[in-house]
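All remarks here apply to the structure that follows.
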Amino acid sequence: MLKLMQSDTSKKWSLEEILSSCNWSDQAVAVGAGLGLSNAGVVDIEESVKTTIRLSAQGISATENGLLEARLWSWISNTDAADMASLQQSFERHEAGPGVGLLKRIGVQLVGGKFVADDKIQVEEIISQRASFLTSLPDVVENLDPEMVEHFRGRKGFIENQESTTRSWKINQSGISVDPNLLVEKEMVTEITPELLQSDNWRDAEFRSFDVTLESATPRTGRSHPMQALIERIRNIFLEMGFSELVEDYVQTAGWNMDALFIPQDHPAREMQDTFYLDNPEKMELPDDVMSLWSGIHKHGGDTGSVGWGGDFSKETSQKGLLRTHTTVNTIQYLADNPSKPCRMFTVDRVFRKEAIDRTHLPEFHQIEGIIMEEGANLQMLVTTLKTFYHKMGYPEVRVRPAYFPYTEPSLEIEVKWRGKWLELGGAGIFRPEVTEPLGISSPVLAWGMGLERLAMLVLGLDDIRQLYISDLEWLRNQPII
Ligand code: PHE
C-alpha cells in the first residue's frame, strides 16, 4: 500500500482505489494496512462520518399499509356521518386513540361529534408529504427535509440513523522518504489456529506482534457465577484427594439431623428461632427400632458405656420435618447405610438456619462437609486432611483449636490466616461412640463441616456476604477466574 502511495504522493486514496490498485477484495485488509501505516507515522488518515436515515419497523409497515393518519382520513372521507363511536368500531383501540391525536394536529376536529377539517386540501397534502418522505428513504440526512426528519424522530420506531465512516489515506513526508527497496510483501500469521498447528507451517511462519498494553474492549461472554466456580474447584480438590461426592435432600427429620448426632432434645439450637421446621411435611415417619436406639442412647447411653443425657426422649420430636441445619445429617445417614465399608465422602451443599441477615450471616448458605472412616484414622490425619484442603485452596496457614460439638470428641475449630488475622471457617472432630456404635460402626470416623460463603469471602476479598447473592452484573463480570 505504501509502495502504491509513493507512486502518487499528492493523491488522497479512497478505499475503492486502494482495493483495486492493491488487488485486494477485503476492506478490512485495506483499513488494517492503512491503520498500520498511520501508526508507523508514514500515512495520514482523513475520516468523515456520514449519517443516513433509514426506515425502521413502524416506518416499513407504514410504507406497506399506509400511515395511520392516512388510513383514518380516508375512512373519514368515505364514511357518512363519521363520528367517534363508529371510528372506534372500525379501528382497534391502539390505533383509534393515537390516530385521532395525529389528525387533530393537522387540522381535523371533532365538532358536534363529527370529524371535520377546515382545509381538506391541506390535510391531504400533509399526509402525502409524509408518505413520500418515507418512501424516499434511505437517504443521507443532508438531502432530507429537516422538519420531516424531526417529525418522524418524534414517532417511535419510524426512522433510525445509520452512521458510516468514509476514510481516505494520503502519504506524508516520512512516507515519501521510505526506501522503496525495503517495501517487500511478507505474509504474517495473526492467529494461531488448530489447522496451523497441525500443518507444521508454523515452523517457518512470521508472527505478527501484538501490543498488549493498548486499550481494548473486554470480551463479555457467559461464565459461571463465582460461587458455582468455587464449588467446582472445591469438588475437584476433594475428588483429587480420593473422596466421593454425596448429594442428598435438604428436607430431613429432626431425628437424623439431631438425635442421631446425640444432640440433646432440649438443646437450644433445636428451638424454633434457630431451625426452620416444616409445615409440609410436618412429620416424616421413622422406623421405630431406629428411634428406640436413639432413645436408649439419649436417656442412659445405651450399650456404649456412656451415661447419656438423662431425662425423656420424644419420638414425636424425632419425626418433625425440617430444613437441614447442617450437612452432617447426610453423612451420618450414609454411615448408617454403610457402617462397615471404609470411605471418604464429601458434600458441598445448602443448609438453612434462622439467622437475621447481616454482613456475615444468611439464613441459607452452604457447607463443605466431609468424613473419613477407616481403621486407624486419627486426629493427626484429620488435621492434615483439613490443612491439605486449605493449602490447595491457596491458604497455607491453618490452625485448629479445641471446640465443642455434642457429636464429636475431640472437637476442633478450624481457622485460616487471612490478611494477618485468624478466621474461623468450620468445625471438625471424631464422632463419639454415642453416634457410631448404635449404627454398628467400629472404625473411627473423622468429620468436618465448614462454611462455603466464609471461604468465598476470603477468595473474593468481600466484607459483606450478601454481595455473593446480589445479581449485580457489573460486579459479577469483574470477578476473577476462580
Ligand atoms: N455440623 C457442624 C456445624 O454445622 C460442623 C461439624 C461437622 C463439626 C462435623 C464436627 C464434625 O457447624
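The values are calculated or read from the model by the stated rules, or taken from the named source; none is laboratory data. Please read all numbers here as calculations on a predicted model, not as lab measurements. Because the Cβ atoms are built from the backbone with ideal geometry, glycine has one as well, and the counts that use them run over all protein chains shown.
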Check your understanding: Which condition number does residue 356 fail, the rest of (1) surrounded by fewer than 19 Cβ atoms within 10 Å (Cβ to Cβ); (2) under 21 Å from residue 436 (Cβ atoms) being met?
Key -> (2)
Check your understanding: What is the residue count in the range 319-350 for residues that are within 15 Å of the ligand (Cβ to nearest atom) and of a type in the set (Asp, Glu)?
Key -> 1
Practice item. Quick one: which residue in 266, 259 is under 30 Å from residue 307 (Cα atoms) and either within 15 Å of the ligand (Cβ to nearest atom) or surrounded by 13 or more Cβ atoms within 10 Å (Cβ to Cβ) (or both)? Key: 259
**Study point:** Selection from the range 22-67 of residues that are in contact with a strand residue (DSSP E or B) (Cβ under 8 Å, 6 or more places away or on another chain) and without any contact (Cβ under 8 Å) to a residue 60 or more places away in the chain
**Key:** 35
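Going through the range 302-335 one residue at a time, which ones are over 16 Å from residue 270 (Cα atoms) and more than 39 Å from the chain's Cα centre (by Cα)?
Once the filter is applied, which keeps residues that are over 16 Å from residue 270 (Cα atoms) and more than 39 Å from the chain's Cα centre (by Cα), the range 302-335 yields 302, 303, 304, 305, 306, 307, 308, 310, 311.
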Review point. Quick check: anything in the range 413-431 in contact with a helix residue (DSSP H, G or I) (Cβ under 6 Å, 6 or more places away or on another chain) and touching a residue at least 60 places away in the same chain (Cβ under 8 Å)?
Key: no
**Study point:** Test: residue in the range 46-60 that is within 30 Å of residue 9 (Cα to Cα) and in a loop (DSSP other than H, G, I, E, B)
**Key:** no
Practice item. Return the only residue of 28, 33 being loosely packed, with under 11 Cβ neighbours inside 10 Å and either in a helix (DSSP H, G or I) or of a type in the set (Phe, Trp, Tyr) (or both). Key: 28
Check your understanding: When the residues of the range 53-107 are filtered to those that are closer than 27 Å to residue 136 by Cα and of a type in the set (Ser, Thr, Tyr), which remaining residue is nearest to the chain's Cα centre (by Cα)?
Key -> 56
Check your understanding: For residue 274, which of the numbered conditions (1) within 13 Å of the ligand (Cβ to nearest atom); (2) part of a loop (DSSP other than H, G, I, E, B); (3) in the same structural domain as residue 437 (by TED's automatic domain parsing) fails to hold?
Key -> (3)
Exercise for review: Consider only pairs whose beta carbons are under 6 Å apart and that are at least six residues apart or on different chains; among these, list those whose first residue lies in the range 140-162 and is closer than 22 Å to residue 64 by Cα and whose second residue is part of a loop (DSSP other than H, G, I, E, B).
Suggested key: 152/158; 157/56; 160/56
Check your understanding: If you check every pair at least six apart or on different chains, which have Cβ atoms under 8 Å apart with a residue in the range 116-139 that is under 20 Å from residue 51 (Cα atoms) first and a residue that is among the aromatic types (Phe, Trp, Tyr) and in a helix (DSSP H, G or I) second?
Key -> 133/152; 134/152
Review point. Which one is nearest to the ligand (Cβ to nearest atom) among residues in the range 364-382 that are surrounded by fewer than 18 Cβ atoms within 10 Å (Cβ to Cβ) and in contact (Cβ under 8 Å) with a residue 24 or more places away in the chain?
Key: 379
Check your understanding: When residue 253 is evaluated against the numbered criteria (1) over 20 Å from residue 34 (Cα atoms); (2) free of Cβ contacts under 8 Å to residues at least 40 places away in the same chain, which criterion, by number, is the only one it fails?
Key -> (2)
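Conditions (1) on the phi < 0 side of the Ramachandran plot; (2) in contact with a Phe, Trp or Tyr (Cβ under 6 Å, 6 or more places away or on another chain); (3) among the polar types (S, T, N, Q), marked per residue:
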{"residue": "138", "(1), (2), (3)": "yes, no, no"}
{"residue": "147", "(1), (2), (3)": "yes, no, no"}
{"residue": "177", "(1), (2), (3)": "yes, no, yes"}
{"residue": "186", "(1), (2), (3)": "yes, no, no"}
{"residue": "189", "(1), (2), (3)": "yes, yes, no"}
{"residue": "195", "(1), (2), (3)": "yes, no, no"}
{"residue": "202", "(1), (2), (3)": "yes, no, no"}
Review point. Can you pull out the residues in the range 86-115 that are among the aromatic types (Phe, Trp, Tyr) and in contact (Cβ under 8 Å) with a residue 24 or more places away in the chain?
Key: 115
Review point. Pairs, please: C-beta under 7 Å, at least 6 apart or cross-chain, first residue outside the structural domain of residue 33 (by TED's automatic domain parsing) and at pLDDT below 85 and in the range 193-208, second part of a strand (DSSP E or B) and polar (S, T, N, Q)?
Key: none
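Per-residue answers, yes or no, for (1) surrounded by 16 or more Cβ atoms within 10 Å (Cβ to Cβ); (2) at pLDDT below 95; (3) away from the ligand (no atom under 16 Å from the Cβ):
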residue: 391; (1), (2), (3): no, no, yes
residue: 407; (1), (2), (3): yes, no, no
residue: 413; (1), (2), (3): yes, no, no
residue: 432; (1), (2), (3): yes, no, no
residue: 441; (1), (2), (3): yes, no, no
residue: 461; (1), (2), (3): no, yes, yes
